[in-house]
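Just below is one structure, and these are the notes that go with it.
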Amino acid sequence: MATEAAAAALRFGLEERGLERIVNIAQLGNDASERVMAKLGMRPFRETISPTCDRPVRVFELPSDRYATSMR
């Protein structure tokens, strides 16, 4: 269910809204969230500390050009 919901959000943002990329974060150790992002083609591009909870997070992204290529 989470994968399908996230896929719908990606479609909306990248296809309907024309965003250049989608960014998502997951707290380190949240393997389930990271698996969902990997299934959708999102790739990690940095780690940082979340300013809202002061915990380490991994930031993922999916640029629109990679999304378009993966949908063919």
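Only the coordinates and a few stated rules stand behind these numbers; no lab work does. Predicted, not measured: the structure shown is a model, and the values here were computed from it. Neighbour counts run over all protein chains shown; Cβ positions are idealised from the backbone, glycine included.
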>> So, in region 57-72, exactly how many residues are surrounded by 12 or more Cβ atoms within 10 Å (Cβ to Cβ) and out of contact with any Ser or Thr (no Cβ under 6 Å at 6 or more places or on another chain)?
In response: 9
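Working carefully through the options 34, 47, find the one that is touching a residue at least 12 places away in the same chain (Cβ under 8 Å), surrounded by 17 or more Cβ atoms within 10 Å (Cβ to Cβ) and among the acidic types (Asp, Glu).
34
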>> Looking at the structure I just gave you, is residue 69 in a helix (DSSP H, G or I) and in contact (Cβ under 8 Å) with a residue 12 or more places away in the chain?
In response: no
> Given the conditions (1) in contact with a helix residue (DSSP H, G or I) (Cβ under 7 Å, 6 or more places away or on another chain); (2) aliphatic (A, V, I, L, M); (3) free of Cβ contacts under 8 Å to residues at least 40 places away in the same chain, which single one is not true for residue 19?
Replying inline: (3)
